[in-house]
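In what follows, a single structure is set out as structure tokens and then discussed.
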Amino acid sequence: MDNQEYEKQIEELKRRVDVLQRTNLELVNRNLQLGQQIDAYYDVRRRIQMLKDLVIRHKELMRQADLRDDDELMALMEARLEEDFPHENPDFGLKELAEFLGTSQTRLIDLFRRSPIHKTAADYLDYMRLLRSLYYLQSKPQWGIAACAQEAGFTVIRTYNRKFQDALGMTPHDFRELIEAGREQGKQQDI
């Protein structure tokens, strides 16, 4: 074997080594991609299982909430609403109330049908909004009546005024004047 043949073989071997190195690099990259895909697959499976567990837990909570008696559910509802004030959102209705309490809409409809005071969830939520507006009318004298109504969850001031009049027998303006008169009387007694 002469020197030229020997060099040709060396060149051929170098070319083969380069091809093998490129192939090896491609295989390593492909292996990394497959590893990432497998990781993503297992992550999706884990998330699906977590969601299934949450759905099962939510169904169980709803079933338990539906088993509460009316007084217990009403007390829970009042406590939760007075703590978090979700009803200040004008879009908060029956569906959102049911989700908030972890019960079914059907259960709430039945609860309000049996209620001697509030016949619908909307009536009840308006009542809670009126109570909240009373708080704002008393504690925020710098706010206008419309601002108090909006903060309490009413979007239409005319509806607010009508519901306020029906519930208290006076307008929000009259109520605020009554509060101001009481404050003035309290100031005079302090002197």
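Worth a mention:
- Extent of the stretch 1-120 along its three principal axes (Cα atoms, max minus min coordinate, largest first): 111, 28, 20 Å.
- Normalised per residue, the accessible area of the chain is 72 Å², obtained with a 1.4 Å probe and no contribution from ligands, DNA or RNA.
- For GLU180, solvent-accessible area (1.4 Å; no DNA, RNA or ligand), Å²: 70 Å²
- Derived scalar couplings ³J(HN,Hα) [the stretch 39-44; Karplus, 6.51 cos²θ - 1.76 cosθ + 1.60; whole Hz; x for Gly, Pro]: 4, 5, 4, 5, 5, 4
- Working note: Debye formula, equal point scatterers on the alpha-carbon atoms of the stretch 89-131, no solvent; log10 I(q)/I(0) at q = 0.13, 0.17, 0.34 Å⁻¹ is -0.24, -0.42, -1.22.
- Helix 121-139 axis, angle to the chain major axis (alpha carbon atoms, nearest 10°): 70 degrees
- Surface share of carbon and sulfur [accessible, 1.4 angstrom probe, percent] for the chain: 53 percent
- Debye-sum result for the stretch 134-191 in log10 I(q)/I(0), which assumes one identical scatterer on each alpha carbon, at q = 0.22 Å⁻¹: -0.83
- Sorted largest first, the spans of the alpha carbon positions of the stretch 85-191 along the three principal axes are 56, 26, 25 Å.
- Packing-based ranking of 95-105, 122-132, 160-170, 39-49 yields 122-132, 95-105, 160-170, 39-49, ordered from highest to lowest mean Cβ neighbour count within 10 Å.
- Computed extension length for GLU177-ARG30: 45.2 nm, one decimal, from 0.36 nm per residue of separation with the Cα-Cα distance subtracted.
- Hits among lysines - C-alpha to C-alpha of LYS187 under 27 Å, sequence gap 8 or more where chains match: LYS140
- Phi-based couplings in Hz for the stretch 17-31 (Karplus 6.51, -1.76, 1.60; Gly and Pro marked x): 4, 4, 4, 5, 5, 4, 4, 4, 5, 4, 5, 4, 4, 5, 5
- Lys, Arg +1 and Asp, Glu -1 on Cβ, resulting dipole of the chain about Cα centre, debye, nearest 20: 400 debye
- Across the stretch 96-102, computed HN-Hα scalar couplings (Karplus, 6.51 cos²θ - 1.76 cosθ + 1.60, θ = phi - 60°) run 5, 5, 4, 5, 4, 8, x Hz from first to last residue, x flagging Gly and Pro.
- Helix 157-168 and the longest principal axis of the C-alpha atoms of the chain enclose an angle of approximately 50°.
The values are calculated or read from the model by the stated rules, or taken from the named source; none is laboratory data. Bear in mind that the values here come from a model prediction, so they are computed numbers and not experimental data. Neighbour counts run over all protein chains shown; Cβ positions are idealised from the backbone, glycine included. The protein model used for the area step is the full one, side chains on, heavy atoms only, and it has no ligands, DNA or RNA in it. Shrake-Rupley method; radii C 1.70, N 1.55, O 1.52, S 1.80 Å.
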